[in-house]
Amino acid sequence: QVPLVESGGGLVQTGGSLRLSCAASGGIVSINAMSWYRQTPGKQRELVATITRGGSTNYADSVKGRFTISRDNAKNTVYLQMNSPKPEDTAVYYCNADLLRVGTVSFREYWGQGTQVTVSS
């Protein structure tokens, strides 16, 4: 069972907006940092944005001022608001989180299955 499930990907035009969501489920006790990464064919997966449990954020320089990461701790969900996307933002976006699950004693890193975002000019 994959504890992280992304949604919201798709096709968007340059200058538009898109919001990605990632919900953690399945015996979640606690969540530390939650992040979004992205990957294009032939390239390494790169960090897009991170948010701590307390709400501190960090962004890749390429998305600063355009993307916003947020989270709803009550819903165990992290969001990525993508404003004014560019064609170079086209990638598969992955959710990442440090989760403590029922029946375990330590946090562990988990990945979602990925969601495709395509930006057309």
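The values are calculated or read from the model by the stated rules, or taken from the named source; none is laboratory data. In this text, all values refer to a predicted model and were calculated from it rather than measured experimentally. A quick note on method: Cβ atoms are made from the backbone with ideal geometry, for glycine too, and the neighbour counts reach across all protein chains shown. Just the protein is used for accessible areas: all its heavy atoms, side chains included, with ligands, DNA and RNA removed. Shrake-Rupley method; radii C 1.70, N 1.55, O 1.52, S 1.80 Å.
Among the protein heavy atoms of the chain, carbon and sulfur supply 47% of the accessible surface, probe 1.4 Å, non-protein parts ignored.
Dividing the convex hull volume of the alpha-carbon atoms in the range 51-121 by its residue count gives 108 Å³ per residue. Computed with a 1.4 Å probe on the full set of protein chains, the accessible area for Leu100 sits at about 30 Å².
From the Cα gyration tensor of the range 28-72, with a ≥ b ≥ c the square roots of its eigenvalues, which class applies: rounded if a/c is under 1.5, or else prolate if a/b is larger than b/c, or else oblate? Oblate shape, in that a/c is at least 1.5 and b/c is the bigger or equal ratio. The order of Arg71, Arg53, Arg38 by accessible area, most exposed first and with a 1.4 Å probe, is Arg53, Arg71, Arg38. Beyond 13 Å, what share of the Cα-Cα pairs of the range 14-54 is found? Please give it as a whole percent. Value for the range 14-54: 70 percent of Cα pairs lie more than 13 Å apart.
Given the chain reduced to its alpha-carbon atoms as identical point scatterers, what log10 I(q)/I(0) does the Debye formula return at q = 0.09, 0.14, 0.18, 0.23 Å⁻¹? Reported log10 I(q)/I(0), two decimals: -0.23, -0.55, -0.88, -1.35. Straight-line reach from Lys86: which lysines fall under 26 Å, measuring Cα to Cα and dropping same-chain residues less than 8 apart? Output for Lys86: Lys43, Lys64. Label-to-label distance, Ile28 versus Ser7, with points set 7 angstrom from Cα along the beta-carbon direction: 1.3 nm. So, for the chain, what is the accessible surface per residue at a probe of 1.4 Å, expressed in square angstrom? Counting only protein heavy atoms, the per-residue value for the chain is 52 Å².
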